[in-house]
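Student: Sharing a structure with you now.
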Amino acid sequence: EAQVTQNPRYLITVTGKKLTVTCSQNMNHEYMSWYRQDPGLGLRQIYYSMNVEVTDKGDVPEGYKVSRKEKRNFPLILESPSPNQTSLYFCASSFSPGNTEAFFGQGTRLTVV
Amino acid sequence: LAKTTQPISMDSYEGQEVNITCSHNNIATNDYITWYQQFPSQGPRFIIQGYKTKVTNEVASLFIPADRKSSTLSLPRVSLSDTAVYYCLVGDPRGAAGNKLTFGGGTRVLVKP
């Protein structure tokens, strides 16, 4: 089954404790991205990757890092999480950059206290 | 991506047809119209995409007039499980690298018994 898998689904952590949210897709998609969704602000893109070893900033990249060492994986790293990074995070993939038919993961609800 | 405007919310009843209209006055020649559905705490799910006239799949129909400045998503005979937020997006599926999906506020559809 074609899917984008994120882990964990839920995470509560403390300020400053490094964490990684994993994302994996099994569709051999070139393009992957991370979004955060906050009430009243909608979905905002954090980072995206056009292919292996090619990543770039989205609209709200501050406080986040990503890597793309393999085509299928695109982890999101919070080196020093802060409470304003409490949000619902989604990973997405599509066949190519700009392709408007994207597949989204189930989401990771992160709470930073 | 062209800006879109859609109603904030709509109520309906089980068994009725729901029509959501999206305005996209600045749609470009190569842009397609794409609709996503999002249930609470889940990632958006691609529903349908079209360029002109009418597109139908097992979930919905998409009607696009000749001037393409608007489009209407039609959900036939809705059930309670169709309660969700529906997003209209406009963009070129073969777009430039880094062309991200821009989700507006969406239309919150509530289906009542």
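Student: What percent do you get for the relative contact order of chain A when only Cα pairs under 8 Å and 6+ apart count? Display every interim value, and only then the final one.
Tutor: Working: 303 pairs, mean separation 41.1, N = 113.
Answer for chain A is 36 percent.
Student: Work out the FRET efficiency for B:LYS69 and A:THR15 from their Cβ-Cβ distance, taking R0 = 45 Å, and round it to the nearest 0.05.
Tutor: 0.40
Student: For A:SER67 and A:ARG109 in the same chain, what is the full-extension length gain: residue separation times 0.36 nm, less their Cα-Cα distance, in nm?
Tutor: Once the chain is fully extended between A:SER67 and A:ARG109, it gains 13.1 nm.
Student: Binned at 10 Å from 0, what are the whole-percent values of the Cα-Cα distance distribution for chain B, short to long?
Tutor: 15, 49, 30, 6, 0
Student: For B:ASP11, what charge total do you get from the other residues with a beta carbon under 11 Å from its beta carbon, if Lys and Arg give +1 and Asp and Glu give -1?
Tutor: Neighbour charge sum, excluding B:ASP11 itself: +2.
Student: Further, regarding this structure: For the protein assembly as shown, just list the percent of Cα-Cα distances falling in each 5 Å bin from zero outward, please.
Tutor: Here the calculated profile for the protein assembly as shown is 1, 7, 14, 18, 18, 16, 12, 8, 4, 1, 0.
Student: Among A:VAL52, B:VAL90, A:GLN3, flag the residue with its Cα farthest along the positive direction of the charge dipole of the protein assembly as shown, charges on Cβ as +1 for Lys/Arg and -1 for Asp/Glu.
Tutor: Value computed over the given set: A:VAL52.
Student: Under 17 Å from the Cα of A:LYS17, which aspartates and glutamates turn up, not counting those fewer than eight places away in the same chain?
Tutor: The qualifying aspartates and glutamates are A:GLU62, A:GLU79.
Student: In addition: What ratio of Cα Rg to 2.2 N^0.38 Å holds for the range B:1-54?
Tutor: Working: Rg = 13.1 Å, N = 54, 2.2 N^0.38 = 10.0 Å.
Working it through for the range B:1-54, the quotient is 1.31.
Student: Suppose every Lys and Arg Cβ carries +1 and every Asp and Glu Cβ carries -1, with no other charges. What dipole size does the range B:18-89 come out with about its Cα centre, to the nearest 20 debye?
Tutor: The calculation lands at about 100 debye.
Student: Something else: So which residue, out of B:VAL59, B:VAL85, B:VAL18, gets the largest mean-square fluctuation from a GNM of chain B using Cα contacts under 10 Å as springs?
Tutor: Highest fluctuation among the options: B:VAL59.
Student: Please state the shape class of the range A:53-113: rounded when a/c is under 1.5, otherwise prolate if a/b exceeds b/c and oblate if not, all from the C-alpha gyration tensor.
Tutor: prolate
Student: Pick out, in residue order, every one of the GluC sites (Glu not before Pro) in the range B:1-103 that is DSSP loop and has at most 11 other C-beta atoms within 10 Å; say none if there are none.
Tutor: Those that pass, being in a loop and sparsely packed, are B:GLU17, B:GLU58.
Student: Over all alpha-carbon pairs of the range A:1-94, lay out the pair-distance distribution in 10 Å bins, whole %, shortest bin first.
Tutor: For the range A:1-94, the binned pair fractions read 17, 52, 28, 3 percent.
Coordinate-derived values only; no laboratory data. Small disclaimer: the values here were computed from a predicted structure and weren't measured. Every residue, glycine as well, gets a Cβ built from its backbone with ideal geometry; the counts of neighbours run over all protein chains shown.
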